[in-house]
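The values are calculated or read from the model by the stated rules, or taken from the named source; none is laboratory data. None of the values given here were measured: they were computed from a predicted structure. In this analysis, Cβ positions are derived from the backbone assuming ideal geometry, glycine residues included, and neighbour counts consider all displayed protein chains.
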Amino acid sequence: MPRKSHGHGHDTRYVRLQKNYCFACGKNNAEGMHLKFGYDEDRDCFVCRFRLGKRYTGPPGHAHGGIIATILDEAMGKVNRLRHVVALTSRITVDYLKPVPLNKSLRVESREVSVRGRRHINMAEILNQKGEVLARSRGLFIAIDPKRMFAKYVDK
């Protein structure tokens with residue numbers, strides 16, 4: 001499996017998007033989260049460090065469950081870059097283990113679990129500074145042909 005990959009945006013070596021308005025990682029989305037992922041070769045995972053502000057509030061002082069799911073989904077999606085494919089989320093499950101606090105340093109880590117044909121299964125975890133797992137997910141992603149599906153958004 002190729003190991004050279006950064007985690008920015010949704011580009012692959014085969015597909016370049018004109019603009020990236022992804023809510024989670026898009027640099028062209030002024031309202032987005034602007035998550036930036038990097039690949040840790042030693043630990044064989046993608047990592048993003050982040051802090052959630054007040055705008056992501058669910059329960060008082062803690063993140064909304066939908067935001068937690070968004071971060072986990074984005075992290076798992078980055079894993080598909082290792083195989084230079086674009087794969088869309090088919091299904092995710094999220095285990096909310098502990099409340100995710102606002103205004104604290106957090107990280108999300110994601111890894112590949114298995115690949116069978118177009119089916120990619122990945123997992124991700126959100127951790128606090130102590131390394132405690134606050135939320136965990138597993139997702140099924142289906143590889144697609146982005147040049148066909150997103151033709152009007154792809155640089156020629």
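Residue under question is GLY77, and the condition is that it be buried (at least 18 other Cβ atoms within 10 Å of the Cβ) and either among the β-branched types (Val, Ile, Thr) or outside any loop (DSSP other than H, G, I, E, B) (or both); does it hold?
Working: buried (at least 18 other Cβ atoms within 10 Å of the Cβ): yes; either among the β-branched types (Val, Ile, Thr) or outside any loop (DSSP other than H, G, I, E, B) (or both): yes.
Yes, satisfied.
Would you mind stating whether ILE142 is within 17 Å of the chain's Cα centre (by Cα), modelled with pLDDT of 95 or more and under 30 Å from GLY53 (Cα atoms)?
On the way: within 17 Å of the chain's Cα centre (by Cα): yes; modelled with pLDDT of 95 or more: yes; under 30 Å from GLY53 (Cα atoms): no.
No.
Before we move on, is ALA69 under 20 Å from GLY139 (Cα atoms) and surrounded by 15 or more Cβ atoms within 10 Å (Cβ to Cβ)? Can you show your working first?
Values: under 20 Å from GLY139 (Cα atoms): yes; surrounded by 15 or more Cβ atoms within 10 Å (Cβ to Cβ): yes.
Against the criterion (under 20 Å from GLY139 (Cα atoms) and surrounded by 15 or more Cβ atoms within 10 Å (Cβ to Cβ)), ALA69 qualifies.
Being assigned to a loop (DSSP other than H, G, I, E, B), more than 20 Å from LYS130 (Cα to Cα) and touching a residue at least 24 places away in the same chain (Cβ under 8 Å) is the filter here, so list the residues in the stretch 28-64 that pass it.
Correct list: MET33, LEU35, LYS36, GLU41, ASP44, PRO59.
Examine the stretch 110-125 for a residue that is within 25 Å of LYS54 (Cβ to Cβ) and either touching a residue at least 40 places away in the same chain (Cβ under 8 Å) or not hydroxyl-bearing (Ser, Thr, Tyr) (or both), and state whether such a residue exists. Walk me through how you get there before you give the answer.
Within the stretch 110-125, the subset within 25 Å of LYS54 (Cβ to Cβ) is 124-125.
Pick out the ones that are also either touching a residue at least 40 places away in the same chain (Cβ under 8 Å) or not hydroxyl-bearing (Ser, Thr, Tyr) (or both) and you get 124-125.
Scanning the stretch 110-125 turns up at least one residue that is within 25 Å of LYS54 (Cβ to Cβ) and either touching a residue at least 40 places away in the same chain (Cβ under 8 Å) or not hydroxyl-bearing (Ser, Thr, Tyr) (or both).
Can you give me the number of residues within the stretch 56-102 that are over 22 Å from GLY26 (Cβ atoms) and aromatic (Phe, Trp, Tyr)?
1
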